[in-house]
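> Supplied in structure tokens, the structure appears directly below.
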Amino acid sequence: MSPPLARRQFLRSALLLAPLIACPGIVRATSPATNTESRRLGFYHTHTAETLDVVYSEGGVYLPDALQEVRHLFRDFRTGDVHPIDPALLDILHDVQQVTGGRGRFEIISAYRSPATNHALASRSGGVADHSLHLQGQAIDVRLPGVRTIDLRRAGLRLANGGVGYYPGSDFVHLDTGRVRSW
């Protein structure tokens, strides 16, 4: 094999493996409950009207094709930029849905945000963090039909798996995979 071809194959492999290195949980679902069950979620994106119903984990293993579909749906709807989504965020959503007994599709208000979008939003609102976990694919703003947002908040707080923000005026809850905190 010639050196340029070997180098290209190495770089291609490195690009494919980068999400696995950046998010080690991508290969193995982290919640003990996932070891024996399939995990399914449904979504409706409020800005694009796109829907997705997907089994994202089976037998404790995240499904790469499903994660690609989620990545596309969770893209920055303003710019079209896509970014890997932390699979632990899906586990949080699944667990919140289980705790609340919700059966509908999560309504996505905001998921991944490009740096440009986040900067524009932060310049217009004091409620947008400069270093938001939305920039890392580790946060989502949602509501769940049939479940009051205050109950989504309570479920997120009870699970204590990351950050929980409550925005009653806009009727959504922020969930993320960062440190446990609330606002």
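The values are calculated or read from the model by the stated rules, or taken from the named source; none is laboratory data. Everything quoted here is computed from the prediction, not taken from an experiment. Here the Cβ is made from the backbone with ideal geometry for all residues, glycine too, and neighbour counts use every protein chain on show.
> Given the options Val99, Val82, name the one that is modelled with pLDDT of 95 or more, surrounded by fewer than 17 Cβ atoms within 10 Å (Cβ to Cβ) and either under 19 Å from Gly163 (Cβ atoms) or of a type in the set (Gly, Ala, Ser) (or both).
When all the criteria are applied, what remains is Val99.
> Here is a further query. Kindly indicate whether Gly80 is closer than 17 Å to Phe172 by Cα, in a loop (DSSP other than H, G, I, E, B) and either in contact with a strand residue (DSSP E or B) (Cβ under 7 Å, 6 or more places away or on another chain) or not aromatic (Phe, Trp, Tyr) (or both).
The answer is no for Gly80.
> How many of the residues in the range 136-183 are in contact (Cβ under 8 Å) with a residue 40 or more places away in the chain and of a type in the set (A, V, I, L, M)?
Of the residues in the range 136-183, 9 are in contact (Cβ under 8 Å) with a residue 40 or more places away in the chain and of a type in the set (A, V, I, L, M).
One line per residue, one yes/no per condition, for (1) part of a strand (DSSP E or B); (2) out of contact with any Gly (no Cβ under 9 Å at 6 or more places or on another chain); (3) at pLDDT 95 or above; (4) not aliphatic (A, V, I, L, M):
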position: Val142; (1), (2), (3), (4): yes, yes, yes, no
position: Asp151; (1), (2), (3), (4): no, no, yes, yes
position: Arg154; (1), (2), (3), (4): no, yes, yes, yes
position: Leu157; (1), (2), (3), (4): no, yes, yes, no
position: Asn161; (1), (2), (3), (4): no, yes, yes, yes
position: Gly165; (1), (2), (3), (4): yes, no, yes, yes
position: His174; (1), (2), (3), (4): yes, no, yes, yes
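> Whether any residue in the range 83-104 is within 16 Å of the chain's Cα centre (by Cα), basic (Lys, Arg) and not in a helix (DSSP H, G or I) is what I want to check.
Taking every residue of the range 83-104 in turn, none turns out to be within 16 Å of the chain's Cα centre (by Cα), basic (Lys, Arg) and not in a helix (DSSP H, G or I).
> When the range 46-65 is examined, which residues are found to be crowded, with 16+ Cβ neighbours inside 10 Å, of a type in the set (A, V, I, L, M, F, W, C) and in a loop (DSSP other than H, G, I, E, B)?
Scanning the range 46-65 gives a single hit, Leu63.
> Something else about it: For a quick check of your reading of the model, give me the residue pairs whose first member lies in the range 111-128 and is part of a helix (DSSP H, G or I), whose second is among the hydrophobic types (A, V, I, L, M, F, W, C) and surrounded by 12 or more Cβ atoms within 10 Å (Cβ to Cβ), with beta-carbon atoms closer than 7 Å and at least 6 apart or on different chains.
Within 7 Å, the pairs are Pro115/Leu135; Asn118/Val128; Asn118/Leu135; Leu121/Val128; Ala122/Val128.
> In the range 102-113, what residues are in contact with a Gly (Cβ under 9 Å, 6 or more places away or on another chain) and surrounded by fewer than 21 Cβ atoms within 10 Å (Cβ to Cβ)?
Hits for the range 102-113 are Gly102, Arg103, Gly104, Arg105.
> So is Gly127 surrounded by fewer than 20 Cβ atoms within 10 Å (Cβ to Cβ), over 17 Å from Arg71 (Cα atoms) and in contact with a Gly (Cβ under 6 Å, 6 or more places away or on another chain) or not?
The answer is no for Gly127.
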